[in-house]
Amino acid sequence: MGKAHKTPAARNEVLSAPPNKANEVDKSLSAIYRDDAGQLPDLSRLERRGSRLVYYVLGGVGLFLALLIMAVWSGFMIFKPFRGYTGKGLQVNIDGPGEVTLGQETSYFINYINASNEPLASAQVQVSFPTDFTVTDMEPQPSDQGMVWRLGSIAYGGRGTITIKGVFSGALGTKTAIQSVGTYRPASFNSDFESLGTKQINYTQSVLSGAISVPEKALPGDEVALAYTLQNSGAKTMTGLQARITMPPGFVREASSTAGQLDGSVVSLPVRDLPAGASTTVAVVGSFASGQAGDFPVHAEAGILNADGLFAPAQKSDTVISVLAGDLLLKLAANGSGDSRSVTFGDTLNFSLSYENTSGDDLRNVSLRIDLQPLAASSTGSSSKTPPPFLDWSRMDDSSSGTASGDAITWDENSIGTLERLSQGEDGSLDFSVPVAVSNLAKSTSTQGFQAVAQATIEWVGKSHLQRVIHTQPIIFKYLSDAKFAADARFYTEEGAPEGSGPLPPVVGQATTYRINWTVSKTLHELKDLKTTAVLPQNVSWPKHFTVSAGDLSYDDSTRTVTWQLNRMPADVGQVKADFDLTLTPTVYDASRFADLIGQAQFMAQDPVAGQGVQLIQSGLSTDLQNDDYAKNKGVVISQ
């Protein structure tokens, strides 16, 4: 039998016990530690046994947490706030015609039904029509503006219908759609859902009918009426109507005609209200220009301006007019061309008018005339004031001895003898020049430009007394902005205060700072997208000191480019400026000469009135400061 290991306390007790008691202690310990098989445990290794109560407590806590998690997930599974609703819910559909007749009242039915297997809460329907739809009736009336119906709770299987009546007034051929949005909350959910309904529609017909009537045949110079007749076959008055007639090529509207608004070749004429069953006719009166012959198209449309200010035609008509060759061929050119173009103040216009008798008879008592008239003018002061002239007639050069009166010049048999009797096939030409006036026109009138039209009056064709008047097509001259760009370098202000710094004259190897001034000025038109750029020499640096009255000034170190940009310069703004500093450090190669400060400046902008760009170039600047009275003659670089 091996010896049992004793604890320190037991060992001390044994050692201190009398010999006769030591055996008794050993027997007592053996009785305590011996197992059922009579073996003593190995007490050289001691292990702590945990309390079973701790295990029971921890196990209970774990079981409670597991049950709690299961309860939470069960609640989420019941109320379903995360996953989408899989039932049919609130179904909304739009019933009505897919093809629309413009101007005719049309009905649409918005049908809704609770197709789920439970009640719905907080249900509402919102309907969106195209902007050209005008409502005439709704049943029931919406709960809110914007065609919103708050339906509230809808029982299982509940349904209803919303009726909307109205009139479309868009453009023929337009394809668009009506849309409905249903919003609802199922009784077993705590979140909202949506359902969409769409109805595609096409504007295929109109209650407006129209036709264009023109002469079967016409001669250049004959008065011609392009008549457009409209009829309203609908049951309601058409309001706000406008007719637009596109004049055929070579057709010149009567100069005395003020009806309608002319935009290029399109004349817009107000029709306003056209009652149900009524008809009306609008017309453009004019004549075909000299030299026109053949078949020409005539197009007309009627409609309204939509919410975006765009014309929406509800009726379109087309026809063709035949033009026969005329008696006298006229051709007008300015600076070698009959095309319209832009001009600037001071430009000289060299006009040339050629004529030829193309009839089979002699033409007698022929007179020629060129009219130059403003495109549009309105004095900024009293309307009784006469706007300044747009042409400088005092500098006119006329080799044909025409007679100038007002803004027109005429020739007859007194100035050109052959005009008394122009034989078959006989031709001729006349020339004159006149400059565009340099005046205060831009400040005192809103004139955008002027036009030139030549006309000939023929009293006799053979033995027939006709008094026929023929015209050429107008040549349109639009003023281009009189924008000017100036660049200047200074060291001192005009009063003598220093704006720069450093040695003057500049010295090789030493830094001198100069002030650069850029100025854009004008009196005519708004400008858009203004941009000025210039490149710096290698020995000039950008000290980042600048001021601008408008726009943004920047410097790109990689390209060494200074850029000044403005989005727009309004019509009533006459000048904008940018000032910035540049620092020059001359090299030995600059000695004994003027050093470059900045390269040529390129100015670009868009003139929206003339429909053309403006581009100006200003030469580069150097240390030769001729506009600086205090720094003049101090620009040559000196050596140290």
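The values are calculated or read from the model by the stated rules, or taken from the named source; none is laboratory data. In this text, all values refer to a predicted model and were calculated from it rather than measured experimentally. Quick reminder, even Gly has a Cβ in these numbers, built from the backbone with ideal geometry, and neighbours come from all protein chains shown.
Annotations for the structure displayed:
- Scanning region 551-558 for residues that are modelled with pLDDT under 95, closer than 13 Å to Asp579 by Cβ, in contact with a strand residue (DSSP E or B) (Cβ under 6 Å, 6 or more places away or on another chain) and loosely packed, with under 15 Cβ neighbours inside 10 Å turns up nothing.
- Exactly one residue out of Asp132, Asp192 is crowded, with 17+ Cβ neighbours inside 10 Å, of a type in the set (D, E, K, R), more than 30 Å from Val461 (Cα to Cα) and at pLDDT below 90, and it is Asp132.
- Qualifying position, being in contact (Cβ under 8 Å) with a residue 24 or more places away in the chain, farther than 16 Å from Ala601 by Cβ and either touching a Phe, Trp or Tyr at 6+ places or on another chain (Cβ under 9 Å) or surrounded by 18 or more Cβ atoms within 10 Å (Cβ to Cβ) (or both), among Lys531, Lys522: Lys522
- Filtering region 225-247 to residues that are surrounded by fewer than 23 Cβ atoms within 10 Å (Cβ to Cβ) and either outside the structural domain of Leu274 (by TED's automatic domain parsing) or not polar (S, T, N, Q) (or both) leaves Ala225, Ala227, Gly234, Ala235, Lys236, Gly240, Arg244, Met247.
- Qualifying residue in region 159-167 (condition: closer than 30 Å to Gly240 by Cβ, in a strand (DSSP E or B) and either aromatic (Phe, Trp, Tyr) or assigned by TED's automatic domain parsing to the domain that holds Ala235 (or both)): no
- Scanning region 388-401 turns up no residue that is among the polar types (S, T, N, Q), under 35 Å from the mean Cα position of the chain (by Cα), modelled with pLDDT under 90 and over 21 Å from Ser290 (Cβ atoms).
- Region 585-617, residues that are surrounded by fewer than 18 Cβ atoms within 10 Å (Cβ to Cβ) and over 49 Å from the mean Cα position of the chain (by Cα): Thr587, Val588, Tyr589, Ala591, Ser592, Arg593
- Residues located in region 145-158, provided they are among the hydroxyl-bearing types (Ser, Thr, Tyr) and part of a loop (DSSP other than H, G, I, E, B): Tyr156
- Those residues of region 100-123 which are under 37 Å from the mean Cα position of the chain (by Cα) and either assigned by TED's automatic domain parsing to the domain that holds Met238 or not hydroxyl-bearing (Ser, Thr, Tyr) (or both), in sequence order: Val100, Leu102, Gly103, Gln104, Glu105, Ile110
- Residues that are in a loop (DSSP other than H, G, I, E, B) and in contact with a Lys or Arg (Cβ under 9 Å, 6 or more places away or on another chain) were ranked within region 199-219; the one that is farthest from Gly98 (Cα to Cα) is Leu219.
- Test: residue in region 430-449 that is part of a strand (DSSP E or B) and farther than 22 Å from Gly346 by Cβ: yes
- Of all residues in region 203-225, at least one satisfies being farther than 18 Å from Leu274 by Cβ and among the aromatic types (Phe, Trp, Tyr).
- With respect to the conditions (1) closer than 18 Å to Phe345 by Cα; (2) surrounded by 16 or more Cβ atoms within 10 Å (Cβ to Cβ), Thr410 lacks only one, and its number is (1).
- Identity of the residue in region 546-581, touching a Leu at 6+ places or on another chain (Cβ under 7 Å) and charged (D, E, K, R), that ends up nearest to Gln600 (Cα to Cα): Arg560
- Neighbours by Cβ (under 9 Å, 6+ apart or cross-chain): first from region 275-293, within 14 Å of Ala259 (Cβ to Cβ); second part of a strand (DSSP E or B) and among the acidic types (Asp, Glu): none
- Any hit, region 171-188, residues being modelled with pLDDT of 90 or more, within 22 Å of Ala302 (Cβ to Cβ) and part of a strand (DSSP E or B): yes
- Selected residue [within 25 Å of Thr493 (Cα to Cα) and touching a Ser or Thr at 6+ places or on another chain (Cβ under 6 Å)] from Val535, Val614: Val535
- Qualifying positions in region 618-634 - surrounded by fewer than 22 Cβ atoms within 10 Å (Cβ to Cβ) and either more than 30 Å from Arg568 (Cβ to Cβ) or within 29 Å of the chain's Cα centre (by Cα) (or both): Ser622, Asp624, Gln626, Asp629, Tyr630, Lys632, Asn633, Lys634
- Pairs, first closer than 17 Å to Glu223 by Cα and at pLDDT 80 or above in region 443-459, second among the hydroxyl-bearing types (Ser, Thr, Tyr) and part of a strand (DSSP E or B), C-beta under 8 Å, six or more apart: Ala456/Tyr355; Ala456/Ser367; Thr457/Ser367
- Val320 vs. criteria assigned to a strand (DSSP E or B) and surrounded by 13 or more Cβ atoms within 10 Å (Cβ to Cβ): no
- Filter result for Ala187 (among the small types (Gly, Ala, Ser), touching a residue at least 12 places away in the same chain (Cβ under 8 Å) and under 30 Å from Pro248 (Cα atoms)): no
- Residue within region 509-519 that is over 43 Å from the mean Cα position of the chain (by Cα) and surrounded by fewer than 15 Cβ atoms within 10 Å (Cβ to Cβ) present: yes
- Being farther than 30 Å from Lys528 by Cα, of a type in the set (Gly, Ala, Ser), assigned to a loop (DSSP other than H, G, I, E, B) and assigned by TED's automatic domain parsing to the domain that holds Thr533 is a condition met by no residue of region 624-632.
- Restricting Ala325, Ala307 to those that are touching a Ser or Thr at 6+ places or on another chain (Cβ under 6 Å) and assigned to a loop (DSSP other than H, G, I, E, B) reduces the list to Ala307.
- Selected residue [out of contact with any helix residue (DSSP H, G or I) (no Cβ under 8 Å at 6 or more places or on another chain), modelled with pLDDT under 90 and within 19 Å of Gln473 (Cα to Cα)] from Ser352, Ser322, Ser342, Ser359: Ser342
- Every residue from region 256-277 that is part of a loop (DSSP other than H, G, I, E, B) and loosely packed, with under 13 Cβ neighbours inside 10 Å: Ser256, Thr258, Gly264, Gly277
- Residue match in region 124-144 (condition: assigned to a strand (DSSP E or B) and either without any contact (Cβ under 8 Å) to a residue 12 or more places away in the chain or out of contact with any strand residue (DSSP E or B) (no Cβ under 7 Å at 6 or more places or on another chain) (or both)): yes
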